[in-house]
Structures are given as structure tokens and as C-alpha cells.
Amino acid sequence: MLKWLRHNLVVFAGLGTLVYMLAPNVVVFVFSFNDPVGRYNYEWAEFSDKAWTDPCGVAGMCDSLTLSFKIAILATLCATVLGTLIAFALARYRFRARGLVNSLIFLPMAMPEIVMAASIAMLFLSMGMDAGFTTILIAHITFCVSFVVTAVKSRVIGMDPALEEAARDLYASPIQVFLRVTLPLAAPGIAAGAMLAFALSFDDFIITNFNAGPDTVTFPMYVWGAAQRGTPPQINVIGSAMLVIAVLVVVAGQIVGRRNRAKA
Amino acid sequence: MTTPAKTSDAADAAEAAGPKHAGADGRPEPSGPARALRAITGELRRMPYLLLLPGIAWLIFFFLVPLYFQAKMSVSSGTLDKGFDLTWTWSTFSAAFEDYDEHFLRSLYYAGAATILCLVLAYPLAYTIAFRAGRWRSLLLVLVVAPFFTSFLVRTLAWKTILSDNGTVVGFLNTLHITDVTATLGLTEGDRVLATPLAVVTGLTYNFLPFMILPLYASLERIDPRLHEAARDLYASPASTFRRVTLPLSMPGVVAGTLLTFIPASGDYINAQLLGTTRETMIGNVIQSEYLRVRDYPTAAAMSFVLMAVILVIVTVYIRRAGTEDLV
């Protein structure tokens, strides 16, 4: 018994960490059913499903959500294209300035977000550009590119070049090789990079806060404002609903993947 | 400035003509094999630069050029209405150190504490997922990543509920007199946890924990379990197996994880703002308010520059010490 306990001590410690990580999500979910007394939703008052039946019932929140989606989708598209091209160049070719390019990719990830936020805001200031949708989008693309490069590069490096050689030997044209062999092989890396970019952009606060205008309030900015003005349970609804949807997508993906593997 | 787009350079030819795998352009030219070969190698030589051009141009213009503008702003003076002129005023830097040295130190202290806590908390979980989870492995990994899908600000606000003065957690800590111990250490005040350094460090640890777990897991998962068996066969105790086999082999994950938590934590101002008071303000809070509220851009730029320099020095020294330079 004592031996079993000692053997599994690490598992208990690990599960403890998991509790620490998931506790806030449980609180967010439970408090989405709260009917708070006063402006802040930090203390339990009584059960209510008002927030779930009327998720857009607070002014401006759903607009901020739409804006966040718009920016995240556009930023993901641009960053994925730019990052994937760089990743292919780094993984497939030797060229001069390779070290410089690697540092230029690493540097944005190696400094606190606030440095990038303030510096890019100063660029827009010097250029006389008004803060708004475009400035947020540009800033988001900039910090997402490095993460896409890292994700795609590791995938492309791990790809077997023999497969593409085989396709060429079988008289596939360069375009066919790329579309039918290279791209499908690299797809998981590109998808991982794109998902990372989307998550980073959608949930970004610091860089957005420095580069947003008064009319461009993203969802994280809305929550930040709410923390000062009063937190409606609706933000908990959005937080919980996105988690549930994401987990469902992951589970569905796993089931489809398993079925495909079973077929093969 | 870095301009990697060099096209015709004789010295470059040998290097660029030999890409690892002849790329996607084996188009044959009809007019003689020699010319065809030259055309192909010429095209191949340009290929990496063509691929790099859009992304690198973007990063130069929106990442490096802004750093130049920030440097320029840090030695400028002026006001928002009249505009800012380059006056080579270095006093912004000395002021940044004199007025805000405690904020700098506090940031490094909080970020360091959060990083160590992350490592201590993340290691058992990453170890469990890598070696003990069996068929639960993918479920546990999903649970580690799942919180990301709820906006981190909403989750951070949830700590206000968890750590509230008359909540279960604080009540429990009070009964065990743990708050007395932390109060003596200056981490908490009275019977409270919220609005103290402990709350801020708790929030920082919580926010960056996944960035420690995932690289740790990635490096642990690569360890061949047979090495553990071999250590056991050679009469190593579980403790010395961990110390002499597992831990050294997981060092790349430890280094990557500590960097991924320490760097963002040092510049964070969200946890200090939401879970702390003005006594817990970090350097991020100062930069934020100088930039967005006071609109003293030169001071904000100088402090941001100092923060960047401090972090880059720490990261470089740390990577050299840890001996893993191939992180990316």
C-alpha cells in the first residue's frame, strides 16, 4: 500500500496540477449561471439561466466577438501564407543569411509582448496612421508569422524527400508534385501553425490594446473594460461555449481520424 | 538592415546550386542541355529568396523598423500636441532606472517566482502524461490545452472568485495558518490572498503553465522507456534514475519551458492589474500607463527598450549556460 502510494506520488502531483489548471474553467462555467448582485460577477448569488438564453443581452459584447473573429481569420490567413513560405525556404534550401533569417524569426518570440506592442504602435504613430482595424490586423500578422514558421518548419524537415522524388520519377509535373505530394504531406504542420495563429490572434490583449482605436473593441478588450466597469455573466457564457465547441471539434476530429485509420 | 534578397553573386553559386532536394522546377529547356542546366540552377538559386521575400519584408517593415522608431522615440522629447523631435535626450533612460527600478526588479522577481512554480507544477504532470497515462494520454493532453479556448482574461478574472476573502480556498489556508507563514514572508497581508503579491504570482503561474508543460512533455516523451529499465537493472533507485537519466534528458524541455514562461511573464501587466494593487505593479503596467494614459511616449519607449535589452541579455546568458543553442 505504502509502496503503491510512493510509486504513484508523481501521478497525484500531476493530477493536482491539472486541478489548478482547470479550476478557473469550472468557476467560469458555474458563474455563467449566476444572477450577480451588483455589477460584478465574482460572488455567488442565485441560479439563473438568463445569460445563456440571452448571450448578446449586454451592449457591445457580441459586436466585439464578431470583430475578434474577423481579425483572427484574416490574420491567420496572411500569417499562414507568409510563414509557410519562409518555413519551406528554411527547411529545404541552404542560402546565405540563413542565420539572420532564423534570428529574425526567433526575436519576436523572444521578447515580451509589450515591447512589440509599444514599438509597432510607435511606427503607426510616426506614420500618422490612425489606430483601428488595419493597425490591429498588421500587428497580429506580425506576431503570428514566427509561430507559423516554427510549426511548419518542423513538419517539413521531417518529411521524406523520397516521396517527392518518386512522384517526379513517375512523370508528375512540378505543380502536380507540389499539389498532390508536398502540400498534403505538409498539411498537418500548416494546420497546426494556422490553429496556433488563430488562437494567439483571437485571444490577444496586450498588442491589441496598444494598437486599437476607440471603435475597434475586440473581445479580450471588452472583457478588460468589463473588469473595470462590471462583469456580466454573459462573458462567462462566451468563455464556456467556446471551450465546449473547441473540445467537440477536437473529439470529432479524433473520431474521424480513427475511422480513416481503421479504413486504411 | 538585413536584406537577405541577394540574387546574383558568384560566391553564392556553389552554396545555392545545391539545395538539399532539387526543388519544384525541373522544367526542361529545349535549346541544349548546358543552357537548360544553367537556367534551372539559376531559378533554383533564386527560389529560397522568392519564398522568403514576402514574409521577411513584412517582418523587416513591421518588426525591425518599429524597433528603430522606438529607439528614436526614446531619445526624443516633445508632447502629443506639438509632436516629438529627436533631441538626443538620454535622461529618459536614467529616469527609467531611477523612478522605476523597483518595478523592474519586481517584474523579474515575480516572473522568476512564477517560472520556478511552473516548473515544479508542470514536471509531475508532464511526467505522468509521458510515462504513466497509458490510454488516457490523449485525453490528458486535451485537458492541458483546453483552457486556451476560454479567453485568458475571463479565466484570470475567475481567480478573483477562487481567492476571494471569504472563499473556501482562503478559509482553508487560514485554518492551516498558511496565510500566517506567507504574511511573515511578505507574500500576503493579514488573512487576505487577493490583492497581494501571492495572488499576482498565482495568476502568472496559472497563465503560463501550459507553455511549461508542453515543451517538457515533448522532451520527456522522446525518452526511450528502456533507459529507465536499464537504470533499474543496474540497481539505480527511482530517485537516482530520475536524477541521472530522466532529468538530464529532459533539459531541452526545461530550458524551452522556462524561457516560454519567463519572457512573457516579465512583461505582463494583466495579472498585476486584475489580481494585485498599486503595490504590486510591474514594469508592464508602467509602460502601459505611460503609453496609453499619460501619453509620455519617450519614457514608454525608453522603458520598453530597457526591458527588451534586459530580457535579451538574460535569455542569451541562460541559453549559453544551459548549452542548448538549437532551440528553434
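So what is Rg over Rh here for the protein assembly as shown, counting just Cα atoms and using Kirkwood for Rh?
0.99
State which stretch of chain B is the longest one without any exposed chymotrypsin sites (Phe, Trp or Tyr not before Pro), exposure meaning a DSSP loop state and at most 16 other Cβ atoms within 10 Å.
B:91-234
Count, for each residue of A:23-32, the Cβ atoms from other chains sitting within 10 Å of its Cβ, then give me the mean as a whole number.
Mean number of neighbouring Cβ atoms from other chains: 6.
What Rg and what Dmax come out for chain B when only alpha-carbon atoms are used, in angstroms?
Final numbers for Rg and Dmax: 26.3, 89 Å.
Within chain A, which complete DSSP H helices have Cα atoms spanning at least 24 Å along the helix axis and a mean Kyte-Doolittle hydropathy of 1.0 or higher?
The qualifying helices are A:9-30, A:61-92, A:133-157, A:183-202, A:234-263.
If you take the beta carbon distance between residue B:243 and residue B:85 as r and set R0 to 60 Å, what does 1/(1 + (r/R0)^6) give as a FRET efficiency, to the nearest 0.05?
The pair residue B:243/residue B:85 has a calculated efficiency of 0.50.
Would you mind finding the longest exposed-site-free stretch of chain A, with exposed GluC sites (Glu not before Pro) meaning DSSP loop and at most 16 other Cβ atoms within 10 Å?
A:47-264
Which Cys in chain A stand alone, with every other cysteine's Cβ at 4.7 Å or more from theirs?
Unpaired cysteines in chain A: A:78, A:144.
With θ set to phi - 60°, apply the Karplus curve 6.51 cos²θ - 1.76 cosθ + 1.60 along segment B:203-212 and write out the HN-Hα couplings as whole Hz, x wherever there is a Gly or Pro.
x, 4, 4, 4, 5, 9, 4, x, 6, 8
Over chain B, with a Gaussian network built from C-alpha contacts below 10 Å, which listed residue (B:179, B:168, B:277) shows the highest mean-square fluctuation?
B:168
Taking chain B as a Gaussian network, where each spring joins two C-alpha atoms under 10 Å apart, which residue of B:170, B:254, B:200 fluctuates the most?
B:170
Provide, as a two-decimal number, the C-alpha radius of gyration of segment A:1-93 over 2.2 N^0.38 Å, N being how many residues it has.
Its radius of gyration relative to the 2.2 N^0.38 Å reference: 1.85.
Amide H neighbours of residue B:189 under 5 Å, counting only residues 5+ apart in sequence or on other chains, H built in-plane at 1.01 Å?
For residue B:189, no residues qualify.
Would you please classify the overall shape of chain A from the alpha carbon gyration tensor, given that a ≥ b ≥ c denote the square roots of the eigenvalues, rounded means a/c under 1.5, and beyond that prolate means a/b larger than b/c while oblate covers the rest?
In terms of gyration-tensor shape, oblate.
Using only atoms on other chains, find how many Cβ atoms lie within 10 Å of each Cβ of peptide B:222-233 and report the average.
Counting other chains' Cβ atoms within 10 Å and averaging over B:222-233 gives 0.
Once you've got the GNM for chain A with C-alpha springs shorter than 10 Å, pick whichever of A:224, A:52, A:44 has the biggest mean-square fluctuation.
Between A:224, A:52, A:44, it is A:44 that shows the largest mean-square fluctuation.
How much of the accessible area of the protein assembly as shown, in percent, comes from carbon and sulfur atoms when a 1.4 Å probe is used?
With neighbouring chains kept in place, the figure for the protein assembly as shown is 65 percent.
The values are calculated or read from the model by the stated rules, or taken from the named source; none is laboratory data. Fair warning: this is a prediction, and the values are worked out from it, not measured in the lab. Backbone-built Cβ (ideal geometry, glycine too); neighbour counts: all protein chains shown. Keep in mind that these areas ignore ligands, DNA and RNA; they rest on the heavy atoms of the full protein, side chains included. Shrake-Rupley method; radii C 1.70, N 1.55, O 1.52, S 1.80 Å.
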